[in-house]
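What follows is a short report on a single structure.
The values are calculated or read from the model by the stated rules, or taken from the named source; none is laboratory data. The structure displayed is predicted, hence computed values, not measured ones. Cβ coordinates were reconstructed from backbone atoms using ideal geometry, including for glycine residues, and neighbour counts include every protein chain displayed.
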Protein chains: 2
Amino acid sequence: MDSNSVSPMPELAPIAEFDKSPPSPPNEEVPMDDLPPPPATISQAEGKKLKVQRSRSYDSEEHERGACEWCEYALVITLATILLIGVSALTIFWTFFYREGYGWADDIPEKQFNLHPTLMIAGFITFSGFSVLLYRICRCFRRIYVKLLHAIFHALAFPCIVIGFLAVLDFHNKKGINNFYSLHSWIGFVAMGLFGLQYAVGFFSFLLLLICNKGTANFRASLVPIHAAFGVLTFVLGVCACLTGLTEKALFTLGSETYASMSTEAIVINAIGMSVVAVAIVVLYTVRGTGGYRLRKVAQNPS
Amino acid sequence: MDSNSVSPMPELAPIAEFDKSPPSPPNEEVPMDDLPPPPATISQAEGKKLKVQRSRSYDSEEHERGACEWCEYALVITLATILLIGVSALTIFWTFFYREGYGWADDIPEKQFNLHPTLMIAGFITFSGFSVLLYRICRCFRRIYVKLLHAIFHALAFPCIVIGFLAVLDFHNKKGINNFYSLHSWIGFVAMGLFGLQYAVGFFSFLLLLICNKGTANFRASLVPIHAAFGVLTFVLGVCACLTGLTEKALFTLGSETYASMSTEAIVINAIGMSVVAVAIVVLYTVRGTGGYRLRKVAQNPS
């Protein structure tokens with residue numbers, strides 16, 4: 001299968017490989033999947049080996065695999081979109097149907113608290129999830145546009161997380177509750193810290209790209225694997241913070257007995273939690289590190 | 001850097017690449033990192049390109065990078081061992097110091113419940129964590145031994161998870177509490193289901209290897225990326241189940257007011273949770289998908 005085809009999933013490369021901004025001069029160390037297959041420069045010994053390998057595969061099989069991978073790609077995009085929008089929609093529905101909606105008035109601080117789960121799920125799950133997935137699957141666009149989309153979605157997540165954090169801090173102060181005592185708050189604190197650091201690193205790297213593309217390419221390339229690994233970590237910590245937060249909320253608001261009796265609100269809260277888990281499954285499955293394995297197959301059999 | 005060196009971290013390949021059992025005949029489609037560098041078979045055009053690339057790098061830099069990666073490797077192993085053993089040790093300390101130890105008698109069902117967090121953390125975090133890490137970092141051993149170690153650690157995790165599950169089920173029945181009502185139990189149920197499926201797939205694949213190594217190589221190779229991706233997912237779900245469970249336990253046992261006052265037991269429970277988070281960070285960082293990126297660099301510059 002040609003590595004330059006528009007199919008974005010088949011040659012799924014680790015995120016690290018995405019960060020070479022086009023156009024690159026021909027002698028630069030470009031990723032292997034950006035190079036055309038070099039049949040003319042293959043030595044005799046290599047040629048023989050490829051011939052043996054080719055004799056085992058059939059064109060129809062290659063086509064079938066291509067179609068299968070396109071199906072997987074379409075399925076992932078559809079599932080991810082439904083889940084990422086669905087989890088925020090379900091949280092808004094829960095707030096309006098069971099928790100009296102939103103507000104920032106002194107008389108009903110509970111309405112102010114409601115901003116916390118909604119904005120944190122929007123920031124850490126919906127927007128961050130879209131941002132990670134887009135960077136991973138948009139291989140038909142130019143790299144610079146994908147980076148811009150990645151930045152825009154994280155820029156949308158940023159105010160959500162900040163306002164969501166301020167909402168609960170102010171709610172605690174109004175009600176005289178301690179801050180940062182629970183496991184949820186500790187995990188959330190680490191997740192927010194990592195998100196801030198990642199945002200700063202991404203912004204700095206993007207700025208360097210705009211100022212001096214070629215001169216900073218090596219430095220930026222060395223940042224990418226770390227940014228990618230910690231990006232996935234930040235997302236997982238965001239998921240953990242959401243799940244512990246939902247557990248706390250269910251026990252605080254419903255109480256252990258109503259929660260154990262499986263009231264409809266308990267089921268809705270659990271459904272929000274399981275949607276977050278489903279999003280985590282789709283995102284982690286999509287960003288899995290199979291890139292090297294597939295790329296090497298392409299490199300061994302470049303026909 | 002030679003890809004056949006004993007350093008296990010430098011050419012970190014996705015887990016998928018590990019699953020080619022030695023010895024392979026020379027004409028088989030072996031992973032690129034199992035092939036010796038072929039300088040004698042390089043064509044003229046490729047030779048010129050490599051010369052251009054080599055002129056930019058210095059031997060001392062390569063040595064420094066190698067030493068740096070060995071340091072990273074040693075640091076990861078030390079940190080992971082401390083954290084993986086530490087999280088189980090801390091849970092056992094918490095149970096004996098604050099929760100009166102273990103038991104399976106009808107008169108004190110709480111002592112029976114105490115088996116649940118201890119065994120689940122041992123199964124889903126300590127043993128599973130060691131199993132995933134060992135498979136990822138043991139590159140100096142023969143593949144078959146690494147697989148055996150991976151299987152042994154999962155075989156240790158299996159009874160922990162089963163007994164831990166039965167302990168809480170029996171505790172609920174004795175106390176007349178509903179089963180499977182909370183978000184924690186739903187996440188735990190999915191995690192246990194995935195663990196069972198993964199165990200079955202791994203066992204089946206290992207059995208196939210023993211019965212017919214060469215004939216089943218392609219089939220087993222196609223299973224590996226899926227097994228690896230779902231293995232990481234199962235681990236993350238185990239982490240989520242542990243964190244939501246600890247949050248529930250803190251609120252059930254201490255109550256919201258004592259928890260909010262930051263009693264010493266609350267801090268110990270939070271510390272267990274944060275150790276689980278630290279384990280997740282180390283494991284996810286170690287299994288990150290940078291393999292393809294590094295391998296392609298080795299392939300382009302095989303000196």
ask   = Hey, does segment B:180-191 have a residue that's over 26 Å from A:Met262 (Cα atoms), more than 9 Å from chain A (Cβ to nearest Cβ) and either modelled with pLDDT of 95 or more or within 22 Å of the chain's Cα centre (by Cα) (or both)?
value = no
Scanning segment B:103-125 residue by residue, the ones that are touching a Lys or Arg at 6+ places or on another chain (Cβ under 7 Å) and at pLDDT 95 or above total 2
Inset, instruction - Could you please let me know if A:Gly292 is crowded, with 17+ Cβ neighbours inside 10 Å, at the interface with chain B (Cβ under 10 Å from one of its Cβ atoms) and modelled with pLDDT of 95 or more? - result: no
The condition from (1) among the hydrophobic types (A, V, I, L, M, F, W, C); (2) closer than 23 Å to A:Phe203 by Cβ; (3) without any contact (Cβ under 8 Å) to a residue 60 or more places away in the chain that A:Phe113 misses is numbered (2)
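For every residue, the table says whether it meets (1) touching a residue at least 24 places away in the same chain (Cβ under 8 Å); (2) buried (at least 20 other Cβ atoms within 10 Å of the Cβ); (3) aromatic (Phe, Trp, Tyr); (4) part of a helix (DSSP H, G or I).
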site: A:Ala167; (1), (2), (3), (4): yes, yes, no, yes
site: A:His172; (1), (2), (3), (4): no, no, no, yes
site: A:Ile177; (1), (2), (3), (4): no, no, no, no
site: A:Phe180; (1), (2), (3), (4): no, no, yes, no
site: A:Leu210; (1), (2), (3), (4): no, no, no, yes
site: A:Asn213; (1), (2), (3), (4): yes, no, no, no
site: A:Leu233; (1), (2), (3), (4): yes, yes, no, yes
site: A:Val236; (1), (2), (3), (4): yes, yes, no, yes
site: A:Gly245; (1), (2), (3), (4): yes, yes, no, yes
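Report, by residue number, each residue of segment B:187-230 that is in contact with a Leu (Cβ under 8 Å, 6 or more places away or on another chain) and over 15 Å from B:Ser128 (Cα atoms).
B:Ile187, B:Val190, B:Val201, B:Ser205, B:Thr216, B:Phe219, B:Arg220
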Of the candidates A:Ile163, A:Ile125, the one satisfying the condition of being surrounded by fewer than 21 Cβ atoms within 10 Å (Cβ to Cβ) and at negative phi is A:Ile163
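Of A:Ala228, A:Ala266, A:Ala241, which residue is within 22 Å of A:Ala122 (Cβ to Cβ) and either modelled with pLDDT of 95 or more or in a helix (DSSP H, G or I) (or both)?
A:Ala241
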Scanning segment B:128-146 for residues that are surrounded by 17 or more Cβ atoms within 10 Å (Cβ to Cβ), of a type outside the set (A, V, I, L, M, F, W, C) and more than 22 Å from B:Phe189 (Cα to Cα) gives B:Tyr135, B:Arg136, B:Arg139, B:Arg143
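So which residues in segment A:204-221 are more than 10 Å from every other protein chain (Cβ to nearest Cβ) and within 24 Å of A:Thr286 (Cβ to Cβ)?
Matches in segment A:204-221: A:Ser205, A:Phe206, A:Arg220.
Let me confirm something: among A:Ser222, A:Ser275, A:Ser303, which residue is at pLDDT below 95, among the polar types (S, T, N, Q) and in a helix (DSSP H, G or I)?
Testing whether each residue is at pLDDT below 95, among the polar types (S, T, N, Q) and in a helix (DSSP H, G or I) leaves just A:Ser222.
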